Amino acid sequence: MSKPTLANWLALITLGVIWGGSFMGAKIALIDLEPMTVALLRLAIAAVVLWLVTLATGRKFPGFSTPTDRRIWGHIALMGLITNAIPFTLLNWGQLYVSSGFAGVTMAVVPLLVLPLSHFFLKGGQMTLRKTVGFGFGFIGIVILIGPAKLLAATGSNLEPIARVACIAAACCYALGTINTRLCPPVSVMAYSAGGLIIGTIALLPVTLMFEGIPSWPDAPALMGVVFLGLFPTALATILLVSVVNTAGPSFMSLVNYQVPLWAVLFGVLFLDESLPPSFIGAFALILFGLAISQSRAKTGKTFPAGKV
């Protein structure tokens with residue numbers, strides 16, 4: 001696995017900012033639209049944008065004539081489902097019934113899920129004691145940031161237990177999606193991203209129409225929320241995600257999930273007139289400390305036994 005470059009770090013920070021703002025966009029969109037509809041429109045907007053960019057830049061989609069081409073399309077299809085359609089839907093629905101604290105922690109679990117998956121499925125992704133300790137510090141920072149009271153707070157809904165499972169399942173999807181992207185044979189980042197979004201849109205369309213029907217035209221704020229979700233946390237973020245995973249690896253990419261709650265809190269303070277949690281500075285320091293440990297390179301690192309590649 002190659003050492004992360006300055007460009008990788010800048011892309012990771014940009015993704016944290018974009019995804020940190022996605023909670024506001026989803027909250028606004030869900031005022032007038034159903035969860036699956038928000039996920040579908042978000043995917044459709046991003047798919048059209050990236051398809052047009054792919055054509056305009058002369059990028060080519062893989063064919064179907066060789067086993068490698070068909071394998072690439074298999075990875076693209078999985079990307080559309082487990083990185084886009086399924087987790088978007090699960091999170092949108094889950095956030096109707098769980099506290100924001102619980103949803104935030106489930107996203108912070110993604111790096112901890114990617115760690116063992118990389119260990120067993122990727123060359124150079126073996127778990128080291130240093131990396132595990134670093135990820136652990138980052139996770140503790142997220143728990144402190146959100147606060148145990150908010151994390152364990154119950155909404156009182158009968159569907160809350162199922163909604164919590166849905167959020168955890170979404171986190172599992174994201175972790176599996178980063179591994180799937182890394183295992184894909186070489187292909188244009190733009191074509192891979194656009195193809196996954198197109199397949200995700202096609203797969204989600206009939207399911208959405210079956211359960212939620214044709215939506216009525218939303219008010220301007222909800223419409224702006226959906227457009228924002230489609231252009232930035234989906235279209236732009238997908239390109240950055242695929243690029244970072246392919247160059248720096250899934251474990252590095254998964255560190256973005258430690259940033260997302262931080263940016264979400266800051267955006268809430270700046271734009272929603274929310275108060276800054278007293279624990280913010282301490283949590284921020286722990287997260288940075290965890291990042292520093294997990295990404296530092298020791299001369300001799302203790303490595304856990306390797307699994308199959």
Could you tell me how many of the residues in the range 282-309 are modelled with pLDDT under 75 and more than 25 Å from PHE121 (Cα to Cα)? 4
Failed item, numbered, when VAL187 is tested on (1) outside any helix (DSSP H, G or I); (2) surrounded by fewer than 17 Cβ atoms within 10 Å (Cβ to Cβ): (2)
Can you tell me which of LEU91, LEU10, LEU33 is under 26 Å from VAL143 (Cα atoms), aliphatic (A, V, I, L, M) and in contact with a Pro (Cβ under 9 Å, 6 or more places away or on another chain)? LEU91
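Does the range 72-102 hold any residues that are among the hydroxyl-bearing types (Ser, Thr, Tyr) and either touching a residue at least 60 places away in the same chain (Cβ under 8 Å) or within 21 Å of PRO250 (Cβ to Cβ) (or both), and which are they?
As a first pass, look at the range 72-102 and keep what is among the hydroxyl-bearing types (Ser, Thr, Tyr): 83, 89, 97, 99-100.
Correct list: THR83, THR89, TYR97, SER100.
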Going by the structure shown, is PHE228 at pLDDT below 90 and aromatic (Phe, Trp, Tyr)? no
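Kindly indicate whether any position in the range 211-230 is within 15 Å of the chain's Cα centre (by Cα) and part of a helix (DSSP H, G or I).
Just the residues of the range 211-230 that are within 15 Å of the chain's Cα centre (by Cα), to begin with: 229-230.
Still in the list and also part of a helix (DSSP H, G or I): 229-230.
Yes, the range 211-230 contains at least one residue that is within 15 Å of the chain's Cα centre (by Cα) and part of a helix (DSSP H, G or I).
Are there any helices (runs of 4 or more DSSP H) wholly within the range 233-276 with 1 or more residues that are closer than 25 Å to LEU41 by Cα and at pLDDT 90 or above, and if so which? Show your work before the answer.
Values: elements: 237-248, 250-254, 256-271.
Output list reads 237-248.
Within the range 207-217, is there a residue that is surrounded by 15 or more Cβ atoms within 10 Å (Cβ to Cβ), charged (D, E, K, R) and closer than 23 Å to ILE28 by Cβ? Please lay out each step first, then the result.
Of the residues in the range 207-217, the ones surrounded by 15 or more Cβ atoms within 10 Å (Cβ to Cβ) are 208, 212, 215.
Pick out the ones that are also charged (D, E, K, R) and you get 212.
Keeping just the survivors that are closer than 23 Å to ILE28 by Cβ gives 212.
Yes, the conditions are met somewhere in the range 207-217.
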ALA163: at pLDDT 90 or above and either touching a helix residue (DSSP H, G or I) at 6+ places or on another chain (Cβ under 7 Å) or assigned to a loop (DSSP other than H, G, I, E, B) (or both), yes or no? no
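Quick one: is ASP69 in contact with a Pro (Cβ under 6 Å, 6 or more places away or on another chain) and in contact (Cβ under 8 Å) with a residue 24 or more places away in the chain? Full working, then the answer.
Working: in contact with a Pro (Cβ under 6 Å, 6 or more places away or on another chain): yes; in contact (Cβ under 8 Å) with a residue 24 or more places away in the chain: no.
No; evaluated as a whole, the condition is false for this residue.
The values are calculated or read from the model by the stated rules, or taken from the named source; none is laboratory data. Note that the structure is predicted; figures quoted are calculated from it, not measured. In this analysis, Cβ positions are derived from the backbone assuming ideal geometry, glycine residues included, and neighbour counts consider all displayed protein chains.
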